[in-house]
Amino acid sequence: MNVLKRFLFLLLLGYSFSCQAQLLAVYKYDGGGDWYANPTALENLSSFYNASTGAKSTVCTEPITAETLLESGVSFLHATGHGRIVISEAQGNQLRTFTENGGFLHIDDNYGMSTYAKDALKEVFPTATIALVNLKHPIFNTLYLFPAGMPKIHEHDNSEPEALGYFVKGELVALLTSETDLGDGWEDAEVHGDSLEKRQAALKMGANLLHWATIRNNQP
């Protein structure tokens, strides 16, 4: 999708969108999973990104459902949890339209969610190319460098962090991260007691994702 189409979509919603004014939101999904698992994560990520870049991103005060997504003005939709996520055909259509109009979807497995998420995302992106994101991709090489890929914040099953990308016409429009727990690393320091080093790594990787969400339509 070209930049003009993205701009016109958001303008019609009454928003003056720019790469400095992203609106982040938590995705309230169906299925019974704990979509509310990391309540402080996005506020901290937005503050870190703004301080690092001079951007003016903000966080939606209410969680967003697939049904309210297209009228919300949200540009970065984040989902997390430990359990089941279900996406209906109608919800899949809404989420797919969101990404076609320039939005970016990030699902971060908080342990136990990834299997359900992979099945659910088939409803959203039935024709997408699904592949691990190459280490040369901009999400690992924009604001901050991650030559080894996703940082490891929390241990799950003694496995390497994974960044599974959903590519439409060669463009990364959604990302499922697992064995990393980025969202936990974005939370207030006292929530998990993570080291400053781990929290900084998580926030820097998150900043790269936010940055990609603003520049992806300008990529070859």
Worksheet entry | Selection count, segment 115-141, where residues are in contact with a Phe, Trp or Tyr (Cβ under 7 Å, 6 or more places away or on another chain), over 19 Å from LYS169 (Cβ atoms) and assigned to a strand (DSSP E or B) | 0
Discussion item. As an exercise: evaluate GLN91 against (1) in contact with a helix residue (DSSP H, G or I) (Cβ under 7 Å, 6 or more places away or on another chain); (2) more than 19 Å from PRO126 (Cβ to Cβ) and give the number of the one condition it does not meet.
Written reply: (2)
Response to the item:
Expected single match for under 29 Å from VAL124 (Cα atoms), touching a residue at least 24 places away in the same chain (Cβ under 8 Å) and basic (Lys, Arg) among LYS169, LYS198, LYS152 is LYS152
Worksheet item: Looking at segment 171-208, which of its residues are of a type outside the set (D, E, K, R), part of a helix (DSSP H, G or I) and over 22 Å from SER159 (Cα atoms)?
Response: ALA189, VAL191, LEU196, ALA207, ASN208
Fill in: Selection from segment 176-211 of residues that are more than 16 Å from LEU42 (Cα to Cα), hydrophobic (A, V, I, L, M, F, W, C) and buried (at least 16 other Cβ atoms within 10 Å of the Cβ)
LEU176
Worksheet item: Quick one: would you say PHE98 is in contact with a Ser or Thr (Cβ under 8 Å, 6 or more places away or on another chain) and in contact (Cβ under 8 Å) with a residue 12 or more places away in the chain?
Response: no
Discussion item. Given (1) closer than 21 Å to LEU203 by Cβ; (2) modelled with pLDDT under 95; (3) not aliphatic (A, V, I, L, M), identify the lone condition not met by ASN50.
Written reply: (2)
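The values are calculated or read from the model by the stated rules, or taken from the named source; none is laboratory data. Keep in mind it's a predicted model, so treat the numbers as computed, not measured. For neighbour counting, all protein chains shown are included, and Cβ atoms are generated from backbone atoms with ideal geometry for every residue, glycine included.
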